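In what follows, a single structure is set out as structure tokens and then discussed.
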Amino acid sequence: LTVMGDAGMELNMSPPDNAAQQDSLFSMTDVFLISLITGLFTYWFFFRKKKEEVPDIPKMQSIAAPVRDSSFIEKMKKTGRNIVVFYGSQTGTAEEFANRLSKDAHRYGLRGMAADPEEYDLSDLTRLSEIDKSLAVFCMATYGEGDPTDNAQDFYDWLQEADADLSGLRFAVFGLGNKTYEHFNAMGKYVDKRLEELGAQRIFDLGLGDDDGNLEEDFITWREQFWPAVCEHFGVEATGEESSIRQYELVVHTDVNMNKVYTGEMGRLKSYENQKPPFDAKNPFLAQVTENRKLNEGGERHLMHLELDISNSKIRYESGDHVAVYPANDSSLVNQIGEILGTDLDTVMSLNNLDEESNKKHPFPCPTSYRTALTYYLDITNPPRTNVLYELAQYATDTGEQERLRKMASSAAEGKALYLSWVVEARRNILAILQDMPSLRPPIDHLCELLPRLQARYYSIASSSKVHPNTIHICAVTVEYETKTERLNKGVATNWLKNKVPDENGSNSLVPMYVRKSQFRLPFKPSTPVIMIGPGTGIAPFIGFIQERAWLKQQDIGAPSAPAVLWSHRHGLGLPSLAMACGVGALLLSPHSHLVSCQVYVQHLLKKNKENVWKLVNEGNAHIYVCGDARNMARDVQNTFYEIVAEFGNVSQPQAVDYVKKLMTKGRYSLDVWS
């Protein structure tokens with residue numbers, strides 16, 4: 001371009017004398033023209049008929065979007081609150097605990113509010129001391145491998161980067177975790193430690209709830225010691241016995257436009273009729289089931305393979321990601337609850353928050369019918385928590401049943417033991433409790449207020465997007481068991497999915513879903529060997545891994561090596577069925593692979609092949625993947641790797657532990673486990 005510009009300049013050059021004459025001539029003409037134009041413009045500007053001017057500010061105001069106030073301090077001042085309970089919640093339990101603590105506050109002459117940290121500016125914690133007798137409580141769940149929950153991610157990032165002075169802040173933390181996971185209660189521990197480092201004053205010890213044990217009991221035990229510490233610190237006393245306080249009021253809609261009524265949508269009204277990407281937890285995609293077949297050959301349990309069509313959804317996934325599905329409760333359970341409570345389940349209603357300042361206007365999408373709420377929005381199959389029993393007790397007309405309910409909701413040792421045996425271990429859901437307590441007949445609207453939300457279920461995706469870009473595959477076993485009361489309990493999601501049979505019009509085979517990203521990924525280099533350990537349905541993500549490695553081999557990309565699969569199986573799935581699930585004619589397996597169809601634990605297979613395993617890890621830089629049960633299997637497998645490293649690496653046990661931990665840090669030892 002520079003050369004062309006220079007050439008152009010050369011073509012336009014004139015002899016110096018001629019140029020001077022033209023400059024002189026044009027300059028006189030230019031002066032005349034400029035003077036004429038200036039005069040005309042001056043006349044027009046001063047003597048024209050001016051139009052009425054439109055003021056700018058009102059115009060800007062009319063198009064400006066309202067800005068949401070993100071200051072929880074201003075909200076607390078406005079509503080007279082002095083205790084704020086933040087929650088980091090993935091499944092709703094931490095949010096539930098936060099609501100219970102905020103409701104407790106009134107018993108001590110204090111006023112509390114539960115708050116989602118995602119909705120507020122947490123740097124305002126520096127200003128909480130502006131409010132008299134103020135306190136911040138944090139109910140923080142740990143998610144995945146020691147990570148914050150989605151709604152607490154920004155708060156976590158702020159804590160890491162902040163150098164704020166929190167010397168005026170008083171706080172307490174209750175963590176929700178699971179001891180079967182490596183990073184037990186990592187988020188609760190971090191928040192507690194970091195707040196103290198920033199100068200905040202801890203008024204009560206960190207509580208560590210364990211969902212592998214009895215999370216409800218852990219919370220109650222912490223809570224009953226927490227409030228006396230609050231009383232002592234602020235010099236207040238309990239104002240009386242705990243009382244039932246309704247958070248929502250019932251509004252029954254007798255004349256309502258049914259187009260304005262929710263029928264199961266998670267967020268936007270009519271979102272299932274008018275689907276718009278992007279799709280996520282609040283806006284799931286309705287995927288059609290195009291395949292639903294039984295994989296296992298015999299066996300007591302039903303191992304199923306489902307395929308969800310995601311064509312035209314713009315949903316993208318990678319091998320190792322999770323698919324979340326929103327299930328529906330069994331209609332027979334819903335109908336039985338309606339019959340016992342003598343309710344017309346098709347009544348359209350709303351539950352409106354009595355606190356007009358609350359960001360949470362309803363406990364679930366409203367207006368809707370009781371049938372829809374009990375089918376799509378509320379958890380009716382899990383044993384209810386003690387606060388639900390306490391609130392329901394007032395409706396039991398039989399004195400003995402009322403006392404029993406109150407005892408189970410108490411913090412007394414006898415009450416805790418009764419709750420554990422009669423509710424938790426017996427797996428009594430709300431329907432079973434209503435059946436076994438004939439005098440307990442609460443208003444259905446209060447029951448709907450108390451029951452927790454029905455949560456999405458997550459499954460490791462059993463396919464590779466390179467092979468199946470328009471479908472997502474699920475590998476799952478139907479859950480069904482008999483309780484101590486001889487009732488047959490069925491898993492909500494797996495039995496719902498089992499009945500999703502493809503049909504011609506597709507209306508009965510739609511599944512609300514979205515994809516959750518994971519760090520469970522194949523190595524970047526296809527030639528890197530992998531060791532995949534997945535007993536039972538833990539095989540699911542490895543089906544996708546095998547598909548991807550087979551595809552890479554077909555494309556002749558990076559000379560993929562054969563993975564070593566160590567798999568103990570209890571559902572009667574044979575090698576041909578696995579090949580069919582993977583979609584490959586011949587499985588891409590190494591000579592060290594083991595497909596076992598009997599009760600052989602994977603850690604025993606590891607020990608049997610320990611020399612080959614060590615060679616793959618130490619010399620081949622293999623990546624290790626473990627998927628399945630966190631309570632026993634994952635821990636036993638990890639301990640087996642400690643033994644293998646100690647023996648063949650010729651190091652001590654602590655050094656072997658450190659070696660495996662470093663593999664995890666480098667991303668060479670990955671877990672996708674559940675309890």
Residue match in segment 496-519 (condition: in contact with a His (Cβ under 7 Å, 6 or more places away or on another chain) and of a type in the set (Lys, Arg)): yes
Helices (runs of 4 or more DSSP H) wholly inside segment 400-463 containing at least 1 residues that are open to solvent by 10 Å² or more (accessible area, probe 1.4 Å) and at pLDDT below 95: 413-419
Residues of segment 174-214 that turn out to be outside any loop (DSSP other than H, G, I, E, B), polar (S, T, N, Q) and under 19 Å from the mean Cα position of the chain (by Cα), as a count: 0
Total residues in segment 638-658, condition farther than 21 Å from Cys627 by Cα and surrounded by fewer than 17 Cβ atoms within 10 Å (Cβ to Cβ): 10
Given (1) in the same structural domain as Ser439 (by the TED database); (2) surrounded by 18 or more Cβ atoms within 10 Å (Cβ to Cβ), index of the condition Glu307 fails: (1)
Residues within segment 469-488 that are in contact with a helix residue (DSSP H, G or I) (Cβ under 9 Å, 6 or more places away or on another chain) and open to solvent by less than 50 Å² (accessible area, probe 1.4 Å), tallied: 8
Close pairs (9 angstrom Cβ cut-off, 6 or more residues apart or separate chains): in contact (Cβ under 8 Å) with a residue 24 or more places away in the chain and assigned to a loop (DSSP other than H, G, I, E, B) in segment 253-275, open to solvent by less than 50 Å² (accessible area, probe 1.4 Å) and acidic (Asp, Glu) anywhere: Tyr272/Glu265
Residue list for segment 603-648, restricted to those being in a loop (DSSP other than H, G, I, E, B) and closer than 25 Å to Lys525 by Cα: Asn609, Glu619, Gly620, Asn621, Ala622
Evaluation of Leu286 against (1) on the phi > 0 side of the Ramachandran plot; (2) assigned to a strand (DSSP E or B); (3) not basic (Lys, Arg) (one fails), failing number: (1)
Long-range neighbours under 7 Å by Cβ, at least six apart or interchain, first residue under 22 Å from Arg100 (Cα atoms) within segment 111-134, second of a type in the set (Ser, Thr, Tyr) and buried (at least 16 other Cβ atoms within 10 Å of the Cβ): Gly112/Ser102; Met113/Ser102; Ala114/Tyr87; Ala114/Ser102; Asp116/Tyr87; Leu128/Ser134
Test: residue in segment 144-155 that is farther than 26 Å from Pro383 by Cβ and aromatic (Phe, Trp, Tyr): yes
Residue tally, condition part of a helix (DSSP H, G or I), under 17 Å from Ile380 (Cα atoms) and among the polar types (S, T, N, Q), over segment 475-517: 2
Flag if Glu300 is surrounded by fewer than 17 Cβ atoms within 10 Å (Cβ to Cβ), in the same structural domain as Asn489 (by the TED database) and among the charged types (D, E, K, R): yes
Residues satisfying the stated conditions in segment 178-208, i.e. open to solvent by less than 10 Å² (accessible area, probe 1.4 Å) and either outside the structural domain of Glu96 (by the TED database) or within 19 Å of Gly144 (Cβ to Cβ) (or both): Asn185, Met187, Gly188, Val191
In segment 212-232, residue nearest to Lys133 (Cα to Cα) [restricted to those that are surrounded by 16 or more Cβ atoms within 10 Å (Cβ to Cβ) and of a type in the set (D, E, K, R)]: Arg223
Search result, residues across segment 69-110 that are without any contact (Cβ under 8 Å) to a residue 60 or more places away in the chain, closer than 21 Å to Glu232 by Cβ and aliphatic (A, V, I, L, M): Ile83, Val84, Val85, Ala105
Matching option when the condition is at pLDDT below 95, closer than 27 Å to Gly491 by Cβ and not in a strand (DSSP E or B), among Glu242, Glu224, Glu237, Glu217: Glu217
Residue within segment 357-375 that is of a type in the set (D, E, K, R), touching a Leu at 6+ places or on another chain (Cβ under 7 Å) and open to solvent by 20 Å² or more (accessible area, probe 1.4 Å) present: yes
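The values are calculated or read from the model by the stated rules, or taken from the named source; none is laboratory data. As the structure is a computational prediction, the values presented were derived from the model and not from experiment. Don't worry about glycine lacking a Cβ; one is built from the backbone with ideal geometry, like all the others, and counts go over all protein chains shown. Ligands, DNA and RNA are stripped out before the accessible areas are found, and what is left, the full protein with its side chains, is counted by its heavy atoms. Shrake-Rupley method; radii C 1.70, N 1.55, O 1.52, S 1.80 Å.
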